[in-house]
Amino acid sequence: MAHQIFKKDGHIHKYINQNAIKNLQIEKQNHLAFYIEHPWKLVFSVIIDNPATDFYVMENVFTNERQLLYSPGMTQTMLSYTPQLWLLLTAYNGQCWETYGPIIGLKGFHPDDIYFYATEVNSKI
């Protein structure tokens, strides 16, 4: 649900002008408006570097874009196993990206896996 709201061209564009939102404190309104300029992303990524505890330099496997990511959940996951590929919902907090919601660490992958997850986001694929 969060991805549907905060993704590029997501529902936040409709919600931001609702009276319930306009009645919030200005700081909360600004926080929501921030995500219009910085949409959340679902990304398939690999870890390039681990510069500090819970911080990872991630590379999107489709775009080769790199981003600094904060994720204690990824650190916890790696206590059990070491995924080769990550499917993450990420949000920009003004300084770096961070994970939100489920953190899916894949031990391996097959093109059918990517197709399955893509159709979860867009059933028309």
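The values are calculated or read from the model by the stated rules, or taken from the named source; none is laboratory data. Only a predicted model underlies this, so the values are computations on that prediction, with no experimental measurement involved. With ideal geometry, Cβ positions are generated from the backbone for all residues, glycine too; neighbour counts draw on all protein chains shown. Note: accessible area is taken over every heavy atom of the protein model, side chains too, but ligands, DNA and RNA are not part of it. Shrake-Rupley method; radii C 1.70, N 1.55, O 1.52, S 1.80 Å.
Worth a mention:
- Contour minus Cα-Cα distance for Ile125 and Leu106 (0.36 nm per residue): 4.7 nm
- Per residue, the accessible area of the chain comes to 65 Å², computed with a 1.4 Å probe over protein heavy atoms only.
- Separation in nanometres of the label points that stand 7 Å from Cα toward Cβ, at Glu27 and Leu42: 3.3 nm
- Modelled FRET efficiency - R0 22 Å, Ile5 with Ile114, Cβ distances, 0.05 increments: 0.40
- The lysines within cross-link reach of Lys41, meaning a Cα-to-Cα straight distance under 22 Å and a gap of 8 or more places when in the same chain, are Lys7, Lys8, Lys14, Lys28, Lys107, Lys124.
- Label selected from [x] 11, 28, 20, 15, 14, 10, 3, 0; [y] 12, 39, 31, 15, 3; [z] 13, 48, 36, 3, the criterion being P(r) over Cα pairs in 10 Å bins from 0, in percent as computed here: [y]
- Each residue of segment 60-72 was assigned a 3J(HN,Hα) from its phi angle through the Karplus curve 6.51 cos²θ - 1.76 cosθ + 1.60 (θ = phi - 60°); the sequence is 5, 6, 9, 10, 6, 5, 10, 8, 7, 10, 9, 7, x Hz, with glycine and proline shown as x.
- Along the chain, counting only chymotrypsin sites (Phe, Trp or Tyr not before Pro) with a DSSP assignment other than H, G, I, E or B and at most 15 other Cβ atoms inside a 10 Å radius, the longest segment between sites is 1-61.
- Most mobile listed residue (Asn23, Asn60, Asn50) in the chain, GNM with C-alpha springs under 10 Å: Asn23
- Most positive-pole-ward Cα, Leu42, Ser71, Thr53, against dipole of the chain from beta carbon charges: Leu42
- Sites Gln18 and Asn93 - FRET efficiency at Förster radius 35 Å, r taken between beta-carbons, to 0.05: 0.90
- Once all protein chains are placed together, Glu37 keeps about 140 Å² accessible to a 1.4 angstrom probe.
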